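> Submitted below is the structure of interest, expressed as structure tokens.
Where a number appears in this text, it was derived from the coordinates with a stated rule and is not lab data. Keep in mind that this is a model prediction, so the values were computed, not measured. So basically every Cβ, Gly included, is an ideal-geometry build from the backbone, and we count neighbours across all protein chains shown.
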Amino acid sequence: MASNRNDTGTEIEMVAIKKDLLGKSMKGDWDGVIDIYQKHPSAHKAKLTSNGDTALHIAVSDNKQEKVGRLMDIISCHHGEGKDQADEFKNKRGNTPLHLAASMGSATMCESIARSSFPLGLSFMTARNCKGETPLFLAALSGKKDALVSLHTLCQDKNLNGYDFCRRIDDHDDTTILHVAISIECFDMALDIIQLYPKLVHSINKQGLAPLHVLAGKPSAFKSRATKASYYKRSKKKGGETEDLENPQIRSSPRQDQHRGCLPDKQKRELASEVMNDLLERISSYELNQDGETDPNMIIGPKMVGDQKQKSPTDGSTSGLVSIARETPILIAAKNGITKMVEKILENFPEAVYDLDPSMKNIVLLSVEHKQCHVYELLLNKKKKKVIPDSVFWEVDKEGNTALHLAAKVANSNTWPVPGAAFQMNWEIKWFEHVQRSMPEWYPSLCNKKGKTPREVFTESHKDLVKQGQKWLTSISEQACPIATGLFVAVAFSTSSNDGFNVKDPKLQGVVRRSAFSYSLLVPAASFLSSVVAVFCFLWMICSSYSESSFRTGNTLRVFLLGLTAFYFSFIFTLESFSLGHFLTAIKELDTSNYLPSYMTLVVGYYTLALIIPMKFYIHMVRAIFGGPHTMNLVIPGFFPTKN
């Protein structure tokens, strides 16, 4: 009976402690919280929030570094030795205060918590949350470089093997800190992780992905926002620096715990290139062990048996057996257009050119299928230099599709950077013809396993795009035609007459030259003629029938461009005509000395807007018509016959 009363009294006391702790924590009265911790040794166990957070969790969340240190000193004095001591501090998600401090990036609070009494500090370092994540892993996942370096140092001080805490451990995932650093594009931290934990370069998670696979899936890290990276630009190490693998040092970085989204594009690309170079330098992918089998830690290429060079381009059969484990980094990089990585892998590991994905597609087929023109141009250049064999370009996938069959398929995942469905179709034709020019003359006649030629595949897969292109062209023409016929003609006609103006009028002397009157007659005429040309072009676009050949660089798109050009000039001449007519009318009634400066300011503003706003779209379309997927306008006479 006495024992039950004591338990009841303890529970009532703990409820009062929780209430007092919560109130003081929410009000920021941390001196009061410290006083409670000193008086009640079990206060650190009190769970104050619905998430199971203690007062120490709240102090860490509020970034009270000094208070966290004092609370840990009190806890260390009161806390006894035992196993799994950190479990008393976990919230419902399994996060200890050290997990929270690591995710916030506070190296000071990490040291305050982890440097407590030996058994308690050790239990914090080794504790995992419900997702199997250690504080070290959470620091990397949150992109907090300072916290990660601090926890690494603490591991060394406590004689702990840092590799034991570098993985997330659960039933579905065992990703490492190097995987997540690359995944969140925190490349400066990834470089430090490679130096501190070089074995992680060879780590493979349960999805079969190594860090290089993750990097190959980050095309944005290698390309600027404006243009694609040229494959002629190669990354170079600055100053020829070398690193000591036995005694790695933390590299200095201009970004200390800066949010990764604020990293400039140029610096981001440079760091990504450094990570790629470091990964490739540490990987020996095609070395075989003494039994003649591929090392399970090797991550560049899958296990391959037999001679893939003997593959037939007509039936897809091989003279040897090929076992595909997963997509290799070079295949992922080729699909994503990371030319720099493709080139670097081929330089270090020429055998990678024979890698195949589960669909039996090699690097050439994937670059063509995903419209990665820079990667394809790189491979063509290497073929011309005899670096890679011609047979690589003649491969077929398991469906019997050649590179030309894949080029004939519409771009779904990687559309061209041109406006509108009509120009998308135009670039699809240009890409198909460019790939055909790079193949032997007999190549277009090959059929896949469905018995279809590349030309038939192109026609079938682009039916919808032809309809979309027609709709896009006709909709613009239908909207622009009434404007050209109505507004422009009306304004030009209404301002074309200068009746009532006398060149010898004293008010106009010294203000308006005789040539201005002649110019005021020519501008409306130019506006009217431009409008007529635009109307005829747009009517031609509306009334024409459309097919694949209509979108080839020829009559249709050039007439459309001519119509837009006439429309644009008509707009400029209309504005000029209105300005002249208004000026000549108002100058007879107003004081020119006061009126002219304000009028010129207004006109200059209008002209600036009229020139700048549509110019970007117009230039984009001009480049789309006269350019191409690889900045070359190549056509094959007779393949897409144009109408005469």
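> Can you sort Ser50, Ser367, Ser549 from fewest to most other Cβ atoms within 10 Å of each residue's own Cβ?
Ser50, Ser549, Ser367
> Could I ask something else about it? By the gyration tensor of its Cα atoms, with a ≥ b ≥ c the square roots of the eigenvalues, what is the shape of region 1-174: rounded for a/c under 1.5, prolate for a/b over b/c, or oblate?
Cα axes put region 1-174 in the prolate bin.
> Of Lys398/Lys471; Lys145/Lys344; Lys92/Lys206; Lys344/Lys409; Lys361/Lys471, which ones are farther than 32 Å apart at the Cα?
The answer is Lys398/Lys471; Lys361/Lys471.
> If we count other beta carbons within 10 Å of each Cβ, what is the order of Cys373, Cys481, Cys447, Cys186, fewest first?
Going from sparsest to densest Cβ surroundings: Cys447, Cys481, Cys373, Cys186.
> Using a ≥ b ≥ c from the Cα gyration tensor of region 21-123 (square roots of the eigenvalues), is it rounded, prolate or oblate, where a/c under 1.5 gives rounded and otherwise the larger of a/b and b/c decides, a/b for prolate?
Here region 21-123 falls in the rounded category.
> Which shape class, rounded, prolate or oblate, goes with region 520-564 when its Cα gyration tensor gives a ≥ b ≥ c as root eigenvalues, a/c under 1.5 marks rounded, and past that a/b bigger than b/c marks prolate?
prolate
> Here's a follow-up. Based on the mean of other beta carbon atoms within 10 Å per residue, what is the order of 137-150, 392-405, 65-78, 270-283, most packed first?
Going from most to least packed, we get 137-150, 392-405, 270-283, 65-78.
> Can you find, among Ala102, Thr134, Ala114, the residue sitting farthest towards the positive end of the charge dipole of region 95-163, where Lys and Arg contribute +1 and Asp and Glu -1 at Cβ?
After comparing all options, I get Thr134.
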